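**Q** Here you go, one structure.
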Amino acid sequence: MTKRTYKFSNTSTDFYLANGISHLKKITDIKATVLITDEHVYNAHTKRFKGWDTIVLKPGEEFKIQETVDAVVEQLIAMEADRKTTLVGVGGGVITDITGYVASVYMRGLRFGFIPTSVLALVDASIGGKNGIDVGVYKNMVGVIRQPAFILHDMVFLNSLPQVEWENGFAEIIKHACIKDAKMFAELEKNSLKTYRGKQKLICDLVQKNALLKTKVVQKDEFEKGERRLLNFGHTLGHALENQYELSHGQAIAIGMTYACHISEQLCGFKQTDKVISVLEKYNLPTYAAFDKQKVFDVLKMDKKREKKEMNYVLLEKIGKGVVKSISLKQLEKIIQGL
Ligand code: GLY
């Protein structure tokens with residue numbers, strides 16, 4: 001079993017890439033571990049959970065809320081979980097968020113790890129330590145930054161992943177390419193979702209490349225004072241749209257990236273919007289949307305990237321080179337109204 005360890009400011013995460021859930025018992029004591037998953041993953045892979053204490057949650061972003069956290073805490077108390085218990089989130093982004101958050105607050109903190117089962121969780125949600133919940137329309141309004149002890153990849157879970165979830169994950173992959181990796185952008189232009197779904201090695205390589213890209217960014221700036229902000233490309237407008245318009249995360253940030261490209265044209269002389277739009281369309285993601293500009297701006301201005309009257313907005317100078325620009329809320333409101 002190959003292990004790679006990545007260090008963060010005061011902790012480290014062990015990555016077990018291209019392994020299998022059967023290896024989990026070598027990483028954590030089966031008698032002192034609780035798995036947290038959702039009904040979709042559990043029903044499609046029941047036998048993989050055999051022998052493990054498991055909490056099964058209802059699937060969906062609408063359950064990434066405090067009530068779910070309370071319910072998990074009550075179940076952990078009923079199971080007599082203590083400070084020696086390890087929690088393992090087996091699922092997509094909602095499960096990794098809830099698991100990491102509960103593990104950070106239950107008894108003031110338990111060891112936790114992830115087995116990400118969606119493309120989005122493999123390349124993004126499982127990495128970086130931000131674990132939180134939504135409050136009303138405000139995404140990830142409450143949470144912590146705490147790194148998982150381990151992340152184990154079992155690509156078999158992708159076999160049951162619906163098409164729409166593949167698209168969701170590719171939105172984050174396209175984002176990584178836009179901000180940091182022009183070569184990967186060219187690879188995405190050349191290939192398609194069908195190619196990646198059909199070729200195990202191709203998707204494994206792409207997932208690992210993206211997991212590493214994000215890990216390196218987080219290692220440099222765990223608490224988001226600089227470089228890490230780039231990962232928010234498409235997310236400022238995206239998050240404001242996501243819960244108001246019942247879009248998936250991938251769809252919302254794809255729209256966010258499209259408009260961020262147009263803002264980049266205005267503020268950074270960016271000239272490759274058409275290329276970004278073509279790739280988003282190729283991976284079946286939406287680009288333009290009709291939305292209530294005022295309503296969206298009112299949510300957007302509460303974004304965590306706001307600092308007093310300025311918003312740190314991620315823009316592109318060129319494909320592969322993201323930059324963070326501080327835009328006054330007044331100017332941003334004008335730009336959004338003009339989109
Ligand atoms: N858990 C996702 C992140 O830290 O960005």
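**Q** List every residue whose amide H lies under 5 Å from the amide H of Gly91, counting only residues 5 or more places away in sequence or on a different chain, with H placed 1.01 Å from N in the peptide plane.
**A** Ile115, Thr117
**Q** So, one more: Running a GNM on the chain with Cα contacts under 10 Å, which residue among Val135, Val34, Val72 ends up with the highest mean-square fluctuation?
**A** Val135
**Q** Round to the nearest 0.05 the FRET efficiency obtained for Lys334 and Lys47 when R0 = 45 Å and r is the Cβ-Cβ distance.
**A** Calculated transfer efficiency: 0.20.
**Q** So which of Lys26/Lys321; Lys50/Lys220; Lys26/Lys214; Lys194/Lys301; Lys26/Lys139 end up more than 30 Å apart by C-alpha?
**A** Lys26/Lys321; Lys50/Lys220; Lys194/Lys301; Lys26/Lys139
**Q** Need the full-extension length gain, Arg83 to Leu267, defined as separation in residues times 0.36 nm minus the C-alpha distance. One decimal, nm.
**A** Going from the current span to full extension adds 61.2 nm.
**Q** Rounded, prolate or oblate: which fits region 229-339, taking a ≥ b ≥ c as square roots of the Cα gyration tensor eigenvalues, rounded meaning a/c under 1.5, else prolate when a/b beats b/c?
**A** Cα axes put region 229-339 in the oblate bin.
**Q** Now for a separate question. Among bridges DSSP assigns within the chain, what percent are antiparallel (round to 5)?
**A** Within the chain, antiparallel bridges account for around 50 percent of the total.
**Q** Using +1 on the beta carbon of Lys and Arg, -1 on that of Asp and Glu, and nothing else charged, what's the dipole of the chain about the Cα centre, debye to 20?
**A** In debye, rounded to 20, the chain gives about 1220.
**Q** Here's a follow-up. I'd like to check one number: the per residue accessible area of the chain, probe 1.4 Å, reported in Å² as a whole number.
**A** Each residue of the chain exposes 44 Å² on average to a 1.4 Å probe.
**Q** Can you give the extra length, in nm with one decimal, that the chain gains between Val156 and Lys58 once fully stretched, where that is 0.36 nm per residue apart less the Cα-Cα distance?
**A** 33.1 nm
**Q** Another question, if that's okay. Per-residue accessible area for Thr54 at 1.4 Å probe radius, Å² rounded to 10?
**A** Thr54 exposes around 40 Å² with every protein chain in place.
**Q** A further question follows. Per residue of the chain, what 222 nm ellipticity follows from adding -39500 (n - 2.57) for every DSSP H run with n ≥ 4, rounded to the nearest 500?
**A** Mean residue ellipticity at 222 nm (helix-derived): -13000 deg cm²/dmol.
**Q** Toward the positive end of the charge dipole of the chain, about the Cα centre and with charges on Cβ (Lys, Arg +1; Asp, Glu -1), which of Phe297, Thr287, Ser22 goes farthest?
**A** Comparing the listed Cα positions along the dipole, Ser22 ranks first.
**Q** Filter the GluC sites (Glu not before Pro) in region 65-118 to those in DSSP coil with at most 10 other Cβ atoms within 10 Å of their Cβ, and list the result.
**A** Those satisfying the criteria are Glu80.
**Q** Further, regarding this structure: Just flag the GluC sites (Glu not before Pro) in region 165-255 sitting in loop per DSSP whose Cβ has no more than 16 other Cβ atoms within 10 Å.
**A** Glu246
**Q** Dipole of the chain (Lys/Arg Cβ +1, Asp/Glu Cβ -1, origin at the Cα centre): which of Gly132, Trp166, Val207 lies farthest to the positive side?
**A** The Cα lying farthest towards the positive end belongs to Val207.
**Q** Net charge within 15 Å of Ala32 by Cβ-Cβ distance, Lys/Arg positive one each and Asp/Glu negative one each, not counting Ala32 itself?
**A** That works out to +2.
**Q** Something else now. What percent does the relative contact order of the chain come to when contacts are Cα pairs within less than 8 Å and at least six residues apart?
**A** 15 percent
**Q** Based on the alpha-carbon gyration tensor of the chain and its eigenvalue square roots a ≥ b ≥ c, which shape applies: rounded if a/c is under 1.5, prolate if not and a/b is larger than b/c, or oblate?
**A** Here the chain falls in the prolate category.
**Q** Okay, next question. With a Förster radius of 45 Å, plug the Cβ-Cβ distance of Ser12 and Gln244 into 1/(1 + (r/R0)^6) and report the FRET value to the nearest 0.05.
**A** 0.75
**Q** Between region 111-155 and region 24-77, how many Å separate their Cα centres?
**A** Centre-to-centre (Cα) distance: 14 Å.
**Q** Where does each of Val299, Val137 land when they are ordered by accessible area, with a 1.4 Å probe and the largest first?
**A** Descending accessible area places them as Val137, Val299.
**Q** Moving to a separate point now. Would you list, by chain and number, the lysines whose Cα falls below 16 Å from the Cα of Lys318, excluding same-chain residues fewer than 8 positions away?
**A** Here the lysines satisfying the reach criterion relative to Lys318 are Lys175, Lys180, Lys183, Lys271, Lys275.
**Q** Report Ser160's accessible area, 1.4 Å probe, all protein chains in place, as a number in Å² to the nearest 10.
**A** For Ser160, the solvent-accessible surface is approximately 60 Å².
**Q** Rounded, prolate or oblate: which one fits region 1-140, using the alpha carbon gyration tensor with axes a ≥ b ≥ c (rounded when a/c is under 1.5, else prolate when a/b beats b/c, else oblate)?
**A** Since a/c stays below 1.5, the shape of region 1-140 is classed as rounded.
**Q** Give a residue-ordered list of calculated ³J(HN,Hα) values for region 100-105 (Karplus: 6.51 cos²θ - 1.76 cosθ + 1.60, θ = phi - 60°; whole Hz; x for Gly, Pro).
**A** For region 100-105, the Karplus-derived couplings read x, 6, 4, 5, 7, 10 Hz, x marking Gly and Pro.
The values are calculated or read from the model by the stated rules, or taken from the named source; none is laboratory data. Given the structure is predicted, the values throughout are model-derived calculations rather than measurements. Here the Cβ is made from the backbone with ideal geometry for all residues, glycine too, and neighbour counts use every protein chain on show. Only protein heavy atoms, including side chains, enter the accessible area calculation; ligands, DNA and RNA are left aside. Shrake-Rupley method; radii C 1.70, N 1.55, O 1.52, S 1.80 Å.
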